[in-house]
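First comes the structure, then the notes that go with it.
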């Protein structure tokens, strides 16, 4: 069997979808000792998705993931020719949309239905395209993967597909999220002016992540409760992020809100391990990988009570209304001032995070891809 993997939309900085793709493929390499894989990559991620294994071949297309229009044209018009030339039996597209005329069996992972719920996620034209293509991909795919029960229900409702067509392959913990030299962390802290006591957010800077309200709630914590912590916001700039920075300036809390941009896995480990509290007030999430990472390292988490968040944190995290700025502030203050509660959240969070791992998801994915291809193979281990 020859399995193709469509990595064309994935950027160099591996966030949600890129992390999912990398870890699932890495587990495939360990599990599967028989089949061949052809990875279709772009100039940004080609090196990341190049494996030494002789059964894994990576083909580079000459464009950057940032060139959205060019990527769409290549993915929909030129990728099918490469699929045919490489005699692909089944194509796995881990990034929500598949090439409609792939000319082979197709499995697509629709991580979430954010474009249908968060209007500011994309420009108006791009949003129309993405929503249309999600529906078409869901209809034409032989199998759909997603990462949570919440996303599965919404895919079924919006795309009108049968229950058995959608399978859950949850996210796990980053394999590379591990401790590094403390000296590197100390240098980073000094460079970014991060103090010892801080609250942490990790994720892309874009409207759907609700960071403007997070900043406003943090200002309430400073004024109402005289909180002496910093707020550290870690992640790359996405779409319509200027309001976040202007809100910080307007509230005159520039010295207390630290933006680190995208960071390495080693620095990310230390950010989680040294924070006092993780706050993730996103308006909508298909999964919420940073929450899982935080809990796995014993960091208490306060998250939104929407979409997949309650499902992800179970009884380990505290839930808040992401639209209620004062409620967010009050809950943060409550948790920070209850040491016993934080210890309980840390303990339960580690237990909850253990329920999610890449190996289990990869086994499910491999089995289903084999079924779609008509081979019914089982992983080697």
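The values are calculated or read from the model by the stated rules, or taken from the named source; none is laboratory data. Everything numeric in this text was worked out from a predicted model, so none of it was measured. Every residue, glycine as well, gets a Cβ built from its backbone with ideal geometry; the counts of neighbours run over all protein chains shown.
Filter region 218-262 for residues that are touching a helix residue (DSSP H, G or I) at 6+ places or on another chain (Cβ under 8 Å) and in a helix (DSSP H, G or I) and give the result.
Selection gives 218, 220, 221, 224, 243, 244, 247, 248.
Being modelled with pLDDT of 95 or more and surrounded by fewer than 17 Cβ atoms within 10 Å (Cβ to Cβ) narrows it down to one of 243, 331, 340, 254, so name that one.
Working: 243 fails: modelled with pLDDT of 95 or more; 331 fails: surrounded by fewer than 17 Cβ atoms within 10 Å (Cβ to Cβ); 254 fails: modelled with pLDDT of 95 or more.
Criteria check complete, one pass: 340.
Could you tell me which numbered condition residue 33 fails, if it satisfies all but one of (1) farther than 26 Å from residue 155 by Cβ; (2) touching a helix residue (DSSP H, G or I) at 6+ places or on another chain (Cβ under 6 Å)?
(2)
A quick yes/no check of all residues on (1) under 30 Å from residue 90 (Cβ atoms); (2) over 17 Å from the mean Cα position of the chain (by Cα):
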residue	(1), (2)
287	yes, no
294	no, no
298	no, yes
345	no, yes
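What helices (runs of 4 or more DSSP H), lying completely within region 108-216, carry at least 2 residues that are within 24 Å of residue 355 (Cβ to Cβ) and modelled with pLDDT of 95 or more? Full working, then the answer.
Details: elements: 114-117, 124-140, 149-159, 182-192.
Those helices (runs of 4 or more DSSP H) span 149-159.
Answer yes or no as to whether residue 223 is within 25 Å of the chain's Cα centre (by Cα) and either within 23 Å of residue 274 (Cα to Cα) or in the same structural domain as residue 275 (by TED's automatic domain parsing) (or both).
no
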